[in-house]
Each structure stands twice: as structure tokens, then as C-alpha cells.
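First up is the structure itself, then whatever we jot down about it.
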Amino acid sequence: MESIDRPLRILVVDDDAADRMLIRRILRKAHLNLADITEVTYAKEAIATVADNHYDCVFLDYRLPDLDGLQLIQQLRSQGFHQPLVVLTGQGDQEIAV
């Protein structure tokens, strides 16, 4: 297994400040408190941020004000972002999960 000699770079895309804080808390509990975390609130910000920076992982809310999570994933993948994407939703909808 390859070791990483730098903090993980994580992008959090969520328009709700409380949800972003919860994600930070969960990452700290997972002992990722040294991760370099960037937060944005809109999908368009995420697209621009990923274009200009390297991230090891993106956590994104399914429901964003400007695009839904699937549209954001399609745009990130089309610009060559192939790192893990974790989609979060408070909707609890099985169809969305699939």
C-alpha cells in the first residue's frame, strides 16, 4: 500500500453550513483531522475549484442550489476528475441512492 506524505486534500460541496460542520466532525472522528479541507456551497464553485486544484476526494450534497449531485458528478468526470466522489443526501430516497 502506498503511503501519503501529505495531508489528504478533501473538497466538501454543500450549501448548508451545519452539514459542512457535520462532515468536518465525522472526518475528525475518522482521524482525518489533519486533512486539508476546502468547502464550497455551489456546484459551479466546485467545478472551478477542481479545475484549479488537486483533491483526493470530494464529498458532495445531492441537492445543491444550482445543479443536482448527478449533474455535478458528470461535469467533474468530463473534466478528468477520477478521484472518489461521495454523494450525501438527507432525503433518504432509495432511488437517489441507487
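The values are calculated or read from the model by the stated rules, or taken from the named source; none is laboratory data. Values in this document were obtained by computation on a predicted structure and should not be read as measured data. When we count neighbours, we look across all protein chains shown, and the Cβ atoms used for this are built from the backbone with ideal geometry, even at glycine. Each accessible area value is taken on the protein alone, full model and side chains, heavy atoms only, with ligands, DNA and RNA left out. Shrake-Rupley method; radii C 1.70, N 1.55, O 1.52, S 1.80 Å.
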Out of all the residues in the stretch 84-97, is one or more of a type in the set (Asp, Glu) and either outside any loop (DSSP other than H, G, I, E, B) or modelled with pLDDT of 95 or more (or both)?
-> yes
Would you mention how many residues in the stretch 25-41 are of a type outside the set (A, V, I, L, M, F, W, C) and buried (at least 16 other Cβ atoms within 10 Å of the Cβ)?
-> 3
Report yes if some residue within the stretch 14-24 is more than 14 Å from Val87 (Cα to Cα), in contact with a strand residue (DSSP E or B) (Cβ under 8 Å, 6 or more places away or on another chain) and open to solvent by 40 Å² or more (accessible area, probe 1.4 Å); otherwise report no.
-> yes
Would you mention how many residues in the stretch 51-79 are under 15 Å from Asp14 (Cα atoms) and either among the charged types (D, E, K, R) or open to solvent by less than 50 Å² (accessible area, probe 1.4 Å) (or both)?
-> 14
Sort out for me the strands (runs of 3 or more DSSP E) sitting completely within the stretch 1-77 that have 2 or more residues that are closer than 19 Å to Thr89 by Cβ, at pLDDT 95 or above and among the charged types (D, E, K, R).
-> none
